[in-house]
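Take a look at the structure below.
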Amino acid sequence: MNVTVELEERSYDVVVDVDARHQLGELIKRRAPRAKSVALVTSPSLVNETWFDIESGRDQAVFLVPEGESAKTLGSLEELLEALAQGRLSRDDVIVGVGGGAICDLAGFAAATYLRGVALVQIPTSLVGQVDAAIGGKTGVNLRAGKNLVGAFHQPLGVLCDTSVLDTLPERERKSGLGEVAKCWLLEGRPVDELVTTSLSSLIELSVRLKADVVSNDEREGGLRVLLNYGHTLAHALEKLSLRRGPDELRHGEAVAIGLAFAVRLAKELDLVGENEVASHDAVLEQLGLVTDLPARYDPEELLEAMGHDKKAHHDLSFVLPGPSGFAVVSDIDEAKVRDVLERFQGER
Ligand code: GLY
C-alpha cells in the first residue's frame, strides 16, 4: 500500500509493504538523482539483524548511534554530525534513518541541520516508527527538561515501512507500538468488535492513512495535527519522570496507553463523555493487550508539574479530549480536578 502525504512540491509516499526496504535504491534514483553517498543511521543491534541487507545503489556507510531513547540527546546528535562531516557527506547526499522512533527522530534532526538541511529517507523498523514517528517530518531530541524540546520540521523524500522487519521485533517493542495504534483507533471512533478481526498489517495501514491525512492538512500543527497528541499530555509527563530512572524504564507507546485511559476519565469528569466511552476505551486498550495501570511510583504532584510544562500545554494544563462534537484541545482545566482524576485513576488499579 502507498499513501501520499500531500505537501505540494514536498509531497511523498509512505510505502507499507513486505520488503519495502528494498525500494530504497529506486526511491533515491527517482527523488535524489544527484546523490553519490548515502548515510545509513542505525543502532548496533539493528545492523546485525538478518534483514539489514539494505542497498541504496550509491556509496553507502553505516553510522551507529545509541539504542532506543538514548539516541535522542544533543550529545548523540553532535557525535553523529561530526561523523557525517568526517565522512564528507555532501549537500546532494541522503541520510537514511533505519530504526525505531528514536532513531528516526535523531536521523531526521541530523538531516534537518547538517549543512542546513540534506535529503532524508526513513525506514522505520518498529511499530511506533511505522505508524507515527517516521511520518510527518517532526524531528528532534530530548532535553533533561522534557521530551522533544529541541527539533525541526523536515519532511523526508519517502518512508519505507517494511512489515517483514517487524517479525524480529522484541515483544515489548511490539506492544509499545500498539499504544499509538490504539490512539489512532480511538481517534477514528472505531468499535472494539472490529478490532478483533483486524490484522496487524491492516492496523498499520489504517494508522498510516490517518497520520498522512492529518499531516497533509496541517503540517505545522496549527490545528488538526494537535489531535494526534491524544493521550500524550500524561504520556510525556510519565516519560519525563521515567527518563530519570533510565532510558528503558517506560516506552513511548506504553506511556501513551496509560495516557489514553487517563484522558477519557478526565473527559468523563468534565462531563464531555459518558461512562460508555470510558468502557469502550478500556475495551480497545485491553483487546490490544495494553497495560494501563498508573504505577504508584509516579507521584501525582510531580506528574501535574510535568504536565503543566509539556510543550503542547502552552503554560496551562491542556489536554486533547473526546467530547460531544469529537476530539478537541481543552485548556485551562482546574488543577484540582486533574489531581483528583489522577489520584482516583492511580488508586483504581
Ligand atoms: N506524533 C505526533 C505528530 O507527529 O504530530
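The values are calculated or read from the model by the stated rules, or taken from the named source; none is laboratory data. Predicted model, so just to flag it, every value in this text is computed and none were measured. Positions of Cβ are backbone-derived with ideal geometry, glycine not excepted, and every protein chain shown enters the neighbour counts.
Key figures
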read-out	value
Residues that are on the phi > 0 side of the Ramachandran plot, away from the ligand (no atom under 15 Å from the Cβ) and in contact with a strand residue (DSSP E or B) (Cβ under 9 Å, 6 or more places away or on another chain), drawn from segment 111-144	117
Residues of segment 213-223 classified as within 10 Å of the ligand (Cβ to nearest atom) and either in a helix (DSSP H, G or I) or in contact with a Lys or Arg (Cβ under 6 Å, 6 or more places away or on another chain) (or both), total	3
Residues (β-branched (Val, Ile, Thr) and part of a loop (DSSP other than H, G, I, E, B)) located in segment 1-19	18
Residue 203, sole failed condition from (1) surrounded by fewer than 24 Cβ atoms within 10 Å (Cβ to Cβ); (2) within 16 Å of the ligand (Cβ to nearest atom); (3) at pLDDT 95 or above	(2)
Check on residue 293, touching a Lys or Arg at 6+ places or on another chain (Cβ under 6 Å), surrounded by fewer than 18 Cβ atoms within 10 Å (Cβ to Cβ) and closer than 23 Å to residue 69 by Cα	yes
Test: residue 277 is touching a strand residue (DSSP E or B) at 6+ places or on another chain (Cβ under 7 Å) and surrounded by fewer than 23 Cβ atoms within 10 Å (Cβ to Cβ)	yes
Residue within segment 179-190 that is within 13 Å of the chain's Cα centre (by Cα), buried (at least 24 other Cβ atoms within 10 Å of the Cβ) and under 20 Å from residue 71 (Cβ atoms) present	yes
Test for residue 160: is it away from the ligand (no atom under 16 Å from the Cβ), part of a strand (DSSP E or B) and of a type in the set (A, V, I, L, M, F, W, C)	yes
Neighbours by Cβ (under 7 Å, 6+ apart or cross-chain): first from segment 172-200, in a loop (DSSP other than H, G, I, E, B); second surrounded by 15 or more Cβ atoms within 10 Å (Cβ to Cβ)	188/210
From the options 74, 81, residue that is surrounded by fewer than 16 Cβ atoms within 10 Å (Cβ to Cβ), at pLDDT 95 or above and aliphatic (A, V, I, L, M)	74
Failed criterion for residue 147 (all others in (1) within 15 Å of the ligand (Cβ to nearest atom); (2) of a type in the set (D, E, K, R); (3) at pLDDT below 95; (4) assigned to a helix (DSSP H, G or I) hold)	(4)
Meets criteria (surrounded by 14 or more Cβ atoms within 10 Å (Cβ to Cβ) and modelled with pLDDT under 95) for residue 68	yes
Condition met for residue 269 (under 27 Å from residue 303 (Cβ atoms), among the charged types (D, E, K, R) and within 14 Å of the ligand (Cβ to nearest atom))	no
Subset of segment 110-122 (residues that are buried (at least 24 other Cβ atoms within 10 Å of the Cβ) and either among the acidic types (Asp, Glu) or within 11 Å of residue 157 (Cα to Cα) (or both))	120, 121, 122
Residue 55 vs. criteria assigned to a loop (DSSP other than H, G, I, E, B), in contact with a Ser or Thr (Cβ under 9 Å, 6 or more places away or on another chain) and surrounded by fewer than 24 Cβ atoms within 10 Å (Cβ to Cβ)	no
Residue list for segment 20-35, filter: in a loop (DSSP other than H, G, I, E, B) and surrounded by fewer than 13 Cβ atoms within 10 Å (Cβ to Cβ)	33, 34
Sole residue being in contact with a strand residue (DSSP E or B) (Cβ under 6 Å, 6 or more places away or on another chain) and within 16 Å of the ligand (Cβ to nearest atom), chosen from 227, 186, 234, 210	227
Qualifying residue in segment 160-177 (condition: over 17 Å from residue 252 (Cβ atoms), at pLDDT 95 or above and among the aliphatic types (A, V, I, L, M))	yes
Segment 111-137 residues that are in a helix (DSSP H, G or I), paired with ones that are more than 16 Å from the ligand (Cβ to nearest atom) (beta carbon under 6 Å, 6 or more apart)	111/95; 111/118; 114/81; 114/84; 115/91; 127/174
Residues within segment 227-268 that are of a type in the set (Asp, Glu) and crowded, with 19+ Cβ neighbours inside 10 Å, tallied	2
